[in-house]
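Input: a single structure, listed below in C-alpha cells.
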Amino acid sequence: LFFASSGEEAVRIYREQEEKGDPIAVGFFDMIMPGGMDGAETICKIREINDSILCVIVTAYTDRDPQDIRKHFEDQSMWLYMNKPFNDGEIQQLAANMIHGWNLRQENYAYREHLEALVKQRTEQLNAELHKVAIVQKNLLPQKLPSIPHLEMGVYYETCVELGGGGDYYDVIP
C-alpha cells in the first residue's frame, strides 16, 4: 500500500514499482491534489508508464464531469468514479474487487499470448507441410508430355498461393 501527497510523488512511486517489476494494480486518485498535477494529469502520466493500472477517481466536488475523465481510458472497465464521503468498508471492498479484476486481466493477457504463440507455431508447421505437399505434387507431374500423332497437348502449372499447394491444368486439343 503506497501513499502519495502529490501527483508528482505518485508518478515517482509508480515508476519505481514498475522498474522493480512489481507493478501497482490499482490507484485511488483524488481529483484535487496538492502540487502541480491534479488527479487526471497524474493518471495520464502514470498510464504513459503502463496503462494496465485500474483507477478509482475520488472527489468531493462535482466540477469534473465523469465523461471528461472517461476520455483518458480506452475501456470503461479501467476506471471508477466515486464521490466523497465514503467509509472504510466501501474502499476496502472496492480495492479488493479492483485488484481481483486486475489479476484476472493479467491472467487473460498471459493466456492470450500463450494461445497466440501456439497459433503461430501451428501455422508455421502447417505451412511447412503444405510446402512439402506442393513439392510432391509438382514432382508427380510428368517431365515430358507424351507425343501422340494428331493431338496437341499443353500443360499449365500454377501454385495455389493461399494453400501453398499446387495445381495442374491440362488442355488436350484434338
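The values are calculated or read from the model by the stated rules, or taken from the named source; none is laboratory data. These numbers were taken from a predicted model, which means no experiment stands behind them. So basically every Cβ, Gly included, is an ideal-geometry build from the backbone, and we count neighbours across all protein chains shown. Heads up: the accessible areas ignore ligands, DNA and RNA and are worked out on the full protein's heavy atoms, side chains in. Shrake-Rupley method; radii C 1.70, N 1.55, O 1.52, S 1.80 Å.
Relative contact order of region 37-125, taken over Cα pairs closer than 8 Å and 6 or more residues apart, is 28 percent. This structure gives P(r) over Cα pairs in 5 Å bins from 0, in percent, computed directly, and of (1) 2, 10, 20, 23, 23, 13, 7, 2, 0; (2) 1, 7, 12, 13, 12, 8, 5, 4, 4, 4, 5, 5, 5, 4, 4, 3, 3, 2, 1, 0; (3) 1, 9, 18, 21, 20, 15, 10, 4, 1, 0 that value is listed as (2).
Full extension of the chain between ARG64 and LEU151 yields a length gain of 22.7 nm, computed as 0.36 nm times the residue separation minus the alpha carbon distance. Shown here for region 1-100: GluC sites (Glu not before Pro) in loop regions (DSSP other than H, G, I, E, B) with at most 10 other Cβ atoms within 10 Å, namely GLU74. Expressed as a whole percent, the accessible surface of the chain that belongs to carbon and sulfur atoms is 55, based on a 1.4 Å probe.
Look at the alpha carbon pairs under 8 Å that are at least 6 residues apart: their mean separation over the length of the chain gives a relative contact order of 14 percent. Computed from Cα atoms, the angle from the helix 39-49 axis to the main principal axis of the chain rounds to 40 degrees.
For ARG112, what is the net charge nearby, where nearby means another residue's Cβ is under 14 Å from its Cβ and Lys, Arg count +1, Asp, Glu -1? Cβ neighbours under 14 Å give a net charge of -1.
Just for the chain, what percent of DSSP beta bridges are antiparallel, to the closest 5?
40
Averaging Cα coordinates gives a centre for region 101-148 and one for region 1-34; these two points are 45 Å apart.
Residues with beta-carbon under 14 Å from that of ALA4, excluding ALA4: net charge, scoring Lys, Arg +1 and Asp, Glu -1?
On the way: positive: ARG12, ARG15, LYS45; negative: GLU8, GLU9, GLU16, ASP30, ASP38, GLU41.
Charge balance in the 14 Å sphere: -3.
Over region 33-73, give the accessible area per residue in Å² for a 1.4 Å probe, as an integer.
Value returned for region 33-73: 50 Å² of accessible area per residue.
For a Förster distance of 35 Å, can you work out the FRET efficiency between the beta-carbons of SER6 and TYR111, rounded to the nearest 0.05? If you can, show how the numbers build up before the last one.
Details: r = 38 Å, r/R0 = 1.07.
So the FRET efficiency works out to roughly 0.40.
Using the Cβ of ILE53 as centre and a radius below 10 Å, the other residues enclosed give a net charge of -1, where K and R count +1 and D and E count -1. Placing LYS144, LYS84 in order of accessible area, with the largest value first and a 1.4 Å probe, yields LYS144, LYS84. The label point for GLU18 and the one for ASN87, both projected 7 Å from the Cα toward the Cβ, are 3.7 nm apart.
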